[in-house]
1. Residue by residue through region B:223-238, note down the ones that are touching an Asp or Glu at 6+ places or on another chain (Cβ under 7 Å) and either open to solvent by less than 10 Å² (accessible area, probe 1.4 Å) or over 18 Å from residue B:9 (Cβ atoms) (or both).
2. Given the condition among the β-branched types (Val, Ile, Thr), outside the structural domain of residue B:130 (by TED's automatic domain parsing), more than 22 Å from residue B:46 (Cα to Cα) and surrounded by fewer than 24 Cβ atoms within 10 Å (Cβ to Cβ), answer yes or no: does some residue in region B:257-268 qualify?
3. Name the residues in region B:176-189 that are more than 17 Å from residue B:214 (Cα to Cα) and free of Cβ contacts under 8 Å to residues at least 40 places away in the same chain, would you?
4. Taking region B:210-222, which residues are buried (at least 24 other Cβ atoms within 10 Å of the Cβ) and either in a helix (DSSP H, G or I) or not β-branched (Val, Ile, Thr) (or both)?
5. For region A:42-76, give me the residue count where each residue is part of a loop (DSSP other than H, G, I, E, B), of a type in the set (A, V, I, L, M, F, W, C), open to solvent by 30 Å² or more (accessible area, probe 1.4 Å) and touching a residue at least 24 places away in the same chain (Cβ under 8 Å).
6. Tell me the residue from A:227, A:195 that is modelled with pLDDT of 90 or more and open to solvent by less than 40 Å² (accessible area, probe 1.4 Å), please.
7. Could you check region B:72-191 for helices (runs of 4 or more DSSP H) lying wholly inside it with 1 or more residues that are outside the structural domain of residue B:211 (by TED's automatic domain parsing)?
8. Counting only residues that are of a type in the set (D, E, K, R) and in a strand (DSSP E or B), which one in region B:27-47 is nearest to residue B:200 (Cα to Cα)?
Amino acid sequence: MSDKAQNASSSKRKIRRGSAPDFVRRLFREKPMGAFGGMIFLILLITGIFADFLAPYHYNAGDISMRFYPPSPEHILGTDELGRDIFSRIIYGAQLSLIVGFSATAIATIISTIIGITTGYIGGKFDMYTQRFVDAWMCLPPIVVLMVLVSIVGAGIVQLILILGIIGSIGASRITRSVVITVKESVYVKAAEAIGVSTLRILTHHILPNIMYIVIVGFSMAIAGNIMAEATLSFLGMGIPAPYPSWGGMLSGPGRKYLFHYPMLSVWPGLALTIVVFGINMFGDAVNDLLDPSLRGGIGSYSGESEKRSFVRLIKKLFK
Amino acid sequence: MAKLLEVKNLKTYFLTDDGLVRAVDGVSYDLEEGETLGLVGESGCGKSVSALSILRLIPYPPGKIVDGQVIFEGRDLLKIKEEEMRNIRGNHIAMIFQEPMTSLNPLLTVGRQVSEPLEIHQNMKKKAALQQAVKLLESVKIPEAELRAQAYPHHFSGGMRQRAMISMGMGCNPSLIIADEPTTALDVTVQAQLLELLKGLTKEHGMSLIIITHNLGVVARYANRVNVMYAGRIVEMGSSIDIYENPQHPYTIGLMASVPRMDQDVKQKLIPIEGQPPDLANLPEGCPFHPRCKYAVEKCLHETPVLEPVDKNHKKACWVDIKSGK
């Protein structure tokens, strides 16, 4: 065969690389629970983004004469103590959870990555002082810190997002830092230094891609935590102010007051919260397993057996 | 020929829990343009540290270059600013590391990594640099270079990775390449290929080469001159012919006796150097080699020998004249 022909055939060949569709395929094949969680997450996403179109009523529109209506075609989940449609309020609550969860986590991830990368890479005294501050910070119970900060700056969505974001970033920076330290010691970082790459470029081009998996995992895990934190604060009356429908707020005020008269008032938001947090956690776990290079091989696509198949086999064994 | 690199009295110490480790303790040598220098010695004798010191890549803490000069193309590398140093690394002096399996970033394509020094030092645009990287990969005989440039390091074998590392080092046409045990992790057959390649490329471009190794065969074949290091010091230096035909330091003699030679009797036994390599934090008084040396005399226990000429271009650091036994 002539060289030309070989070259022609080689230029058509492509090196296989991981892609987004590939990732989704692996998610469904290897992590069915994670895929389920991912779908819950997707539903939450769609509900949150299109809340204005999906909700049949405005969250604050109510007819006091229609209070405590049981589920009916007009009000799928019934009405609350002010005659407002619970279904609509759940949908707007999803939007709120999504906004707070996403923004706070985004802020936390960005700050924690910056802190983690710089302290981990630079090391020395800078690292020591920063980490002693992180140590001291982590001694404080988060819920108390949250409540104190909220009572200082006042309640509101923006304040809540900022507070949750900053608080979340400090603890998370520790994880990023520990990964950065292991990556920093690798020969390819030394090699990059030896070809004259500047510190900033090493951080962004060589270290960041190698710790990206931990950043993504941290992000997906923290979303659930922040949604819970928002619900907790709203439950305690320090989160989102009253007329706005937060799931935590719906649980606490009227939910608790009418718990024995009309338990559905607290069941629905509670259920929504549980499902969403569960789903996101499952999704986060699956993302973790699929992205962590050290976990590849054993339970990944090379194990020869997916979680689903092994589950099926287990069931068959039991019924034999 | 002009002098390319002059290392004068280089001292690199490490502050550890066990005390001060004199990893490199007063090393001086120079290198001409186009020359290949072999740095030989057992593990932990300061070969790699002395090379890293040239590039100022010693991590501080615990390491520190305490004294000395490294004059490269007329400038003292230990005195210039960090930014200037960065311009020298990869651009004028390239380094090839000993572990090809880990010295490439696993998440960047090989082409991207080979093109990185070009982008940094020659202000090439990403696309042009990538095209140049393909040419570089071809020059180190990687087949289907265009395709391979899009591959990730885990698609490469060890030899291919080391060749990619070499092409990365060659990228900016440096005047000096430091190869730190470039072949340790590779098959013997691949080792020879790789060294031939390295030698050929450096010759073609007129680059100088420092090969750090503990493989005497490699040095004999590829180096013009040899520095033998022991406990952070150079104990013998000379042309490779001097070192092989006429070793003068007891340590060099011991090294030669401990490796098989083509011209020796098959049944002849190899003689190891007795004892343990020295603890650099706790060196014996006098000549550091005296506890293991069969030629040692009273003077060796108290006074540290200095490099003295034996011949033109051949120096040794030993009080004893081996031939006469005094």
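1. Here is the first cut: in region B:223-238, the residues touching an Asp or Glu at 6+ places or on another chain (Cβ under 7 Å) are B:224-225, B:228, B:232-233.
Result: B:224, B:225, B:228, B:232.
2. Looking only at region B:257-268, we keep the residues that are among the β-branched types (Val, Ile, Thr), and these are B:259, B:266.
Retained after the next criterion (residues that are outside the structural domain of residue B:130 (by TED's automatic domain parsing)): B:259, B:266.
Imposing the further condition that a residue be more than 22 Å from residue B:46 (Cα to Cα) reduces the set to B:266.
Filter once more, so that each one left must be surrounded by fewer than 24 Cβ atoms within 10 Å (Cβ to Cβ): B:266.
Checked region B:257-268: at least one residue is among the β-branched types (Val, Ile, Thr), outside the structural domain of residue B:130 (by TED's automatic domain parsing), more than 22 Å from residue B:46 (Cα to Cα) and surrounded by fewer than 24 Cβ atoms within 10 Å (Cβ to Cβ).
3. So in region B:176-189, the residues more than 17 Å from residue B:214 (Cα to Cα) come out as B:176-177, B:189.
Of everything in region B:176-189, just one residue is more than 17 Å from residue B:214 (Cα to Cα) and free of Cβ contacts under 8 Å to residues at least 40 places away in the same chain, namely B:189.
4. Answer for region B:210-222, where residues must be buried (at least 24 other Cβ atoms within 10 Å of the Cβ) and either in a helix (DSSP H, G or I) or not β-branched (Val, Ile, Thr) (or both): just B:219.
5. Quick first cut of region A:42-76, residues part of a loop (DSSP other than H, G, I, E, B) only: A:50, A:55-61, A:63, A:67-76.
The next check asks that each one be of a type in the set (A, V, I, L, M, F, W, C); those that pass are A:50, A:55, A:61, A:68, A:76.
This time we only want the ones that are open to solvent by 30 Å² or more (accessible area, probe 1.4 Å), so: A:50, A:61, A:68, A:76.
Narrowing the set further to residues that are touching a residue at least 24 places away in the same chain (Cβ under 8 Å) leaves A:61, A:68.
The qualifying residues number 2.
6. Details: A:195 fails: modelled with pLDDT of 90 or more.
Among A:227, A:195, only A:227 is modelled with pLDDT of 90 or more and open to solvent by less than 40 Å² (accessible area, probe 1.4 Å).
7. Numbers: elements: B:82-88, B:110-121, B:126-139, B:145-148, B:158-170.
Those helices (runs of 4 or more DSSP H) span B:110-121, B:126-139, B:145-148, B:158-170.
8. To start, the set of residues in region B:27-47 that are of a type in the set (D, E, K, R) comprises B:30, B:32-33, B:35, B:42, B:47.
Add one more test, that the residue is in a strand (DSSP E or B), and what stays is B:30, B:32.
Details: B:30: 22, B:32: 17 Å.
If we take residues in region B:27-47 being of a type in the set (D, E, K, R) and in a strand (DSSP E or B), then B:32 is nearest to residue B:200 (Cα to Cα).
The values are calculated or read from the model by the stated rules, or taken from the named source; none is laboratory data. Because the structure is a prediction, the values reported are computed rather than measured. Note that we place each Cβ from the backbone using ideal geometry, even for glycine, and neighbour counts take in every protein chain shown. Surface areas here come from the heavy atoms of the whole protein model, side chains and all, with no ligands, DNA or RNA. Shrake-Rupley method; radii C 1.70, N 1.55, O 1.52, S 1.80 Å.
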